[in-house]
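Below is one structure, written out as C-alpha cells; comments come after it.
The values are calculated or read from the model by the stated rules, or taken from the named source; none is laboratory data. For clarity, every value in this text was computed on a predicted model and none was experimentally measured. We place every Cβ from the backbone using ideal geometry, glycine too, and count neighbours over all the protein chains shown. When the accessible area is computed, the model is the full protein with side chains, heavy atoms only, and any ligands, DNA or RNA have been set aside. Shrake-Rupley method; radii C 1.70, N 1.55, O 1.52, S 1.80 Å.
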Amino acid sequence: MADGYAATLEAADPYCLRPGEAAALLAGHPWKRFVVLGDSVASGVGDPVPGYVEQAWCDRIRSELAEQQPDLCYLNLGVRELRAAEIREQQLDRALRFAPDLALISAGGNDAMRRSYQPDAVDEELAAMIIALRAAGADVITVGMFDVSFAPSFPEPVKQQVGERMRMLSTRTAALARRLGAIHVNCTGHPAERDPASYSADGVHGNLRSHSICAALTVRRLGLHLGRDGTA
C-alpha cells in the first residue's frame, strides 16, 4: 500500500496486513486478469472505519495484486442480495468472457441465511462456477464467510439457526474447494465475527475493518499458494 500505511490503526491491528507483508507474499505473482463473482460480500458493502484503508475487501485484494502487477485488469461483478443460482446465471458467462486467470467466488450466503437453504443445490451452483472457471484456465478462490449470525441485526431466537446454516455453507464450500482444486480462504470462526463493532450500521454487513481482515486472510492464502510462508 501507499506510504503512510505503517502509521495507521490498521497496520497495528494484529488481524490485518503488516507493512510490507503483502508485497513479500505476492512478489512475482502470475495473475493479470482478476474477476470477482458474488453478492454484497463481493460487491463491497461496508461502512468505513477511521484508521482503516477505505477499500472494500475485493478492491483491496486487487490493489495488493496490482502493486506487484501494474497491468492487472480487474472486473467485479458482485451484486447484493443475489443467491448462488442467480450469481451463476447472471455472472458466470460474463466472467468467462473476461478471460480471467484468477477468479474469486463469494456465493451462498443469501441462501444460507434463509430457512429455505438447500445445501446440495448451492453446492451444485458453486461447483458449476468453479469447474467452468478452472476449465478456462483460472485459479479460483472460494470463501468461507464470517458467520453473520453474530451480527447485531439478528434476534436471539434465530441466531442459532442462522449460525448452523452459515457454518454448514462454510464447511461444504471448503470441501468443494479441496475436491475441485480451488484456493479456499476460511474467514468463518475468526474472532472478529463475534465483535459487534465489526459490523456496519445496517447490522448485517461487515464494516471496512472486517473487509481489511478478510483481505489479509486472502493475501496470506494466496501467498501460501505461491509457496511463501510470510516469515521473510
Report summary line: Taking the range 28-64 and keeping residues surrounded by fewer than 19 Cβ atoms within 10 Å (Cβ to Cβ) and in contact with a Pro (Cβ under 7 Å, 6 or more places away or on another chain) leaves Arg33, Glu54
Report task. Those residues that are charged (D, E, K, R) and modelled with pLDDT of 95 or more, I need them from the range 94-128; list them, please. Result -> Arg94, Arg97, Asp101, Asp111, Asp120, Asp123, Glu124, Glu125
Requested in this report: Would you check if Val204 is buried (at least 22 other Cβ atoms within 10 Å of the Cβ) and not in a helix (DSSP H, G or I)?
Outcome: no
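Each row is one residue, and each column tells you yes or no for (1) over 19 Å from Met113 (Cβ atoms); (2) surrounded by 17 or more Cβ atoms within 10 Å (Cβ to Cβ); (3) under 13 Å from the mean Cα position of the chain (by Cα); (4) not polar (S, T, N, Q).
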site	(1), (2), (3), (4)
Lys159	no, no, no, yes
Ala182	yes, yes, no, yes
Asp195	yes, no, no, yes
Ser200	no, yes, no, no
Ser210	no, yes, yes, no
Cys214	no, yes, yes, yes
Gly223	yes, yes, no, yes
Query raised in the report: Looking only at the range 68-84, which residues are open to solvent by 30 Å² or more (accessible area, probe 1.4 Å), touching a helix residue (DSSP H, G or I) at 6+ places or on another chain (Cβ under 8 Å) and either β-branched (Val, Ile, Thr) or farther than 21 Å from Arg209 by Cα (or both)?
Result: Gln68, Tyr74, Leu75, Val79, Glu81, Arg83
**Report entry** Single residue of the range 30-41 satisfying the filter (modelled with pLDDT of 95 or more and in contact with a Gly (Cβ under 9 Å, 6 or more places away or on another chain)) that is nearest to Gln69 (Cα to Cα)
**Finding:** Val36
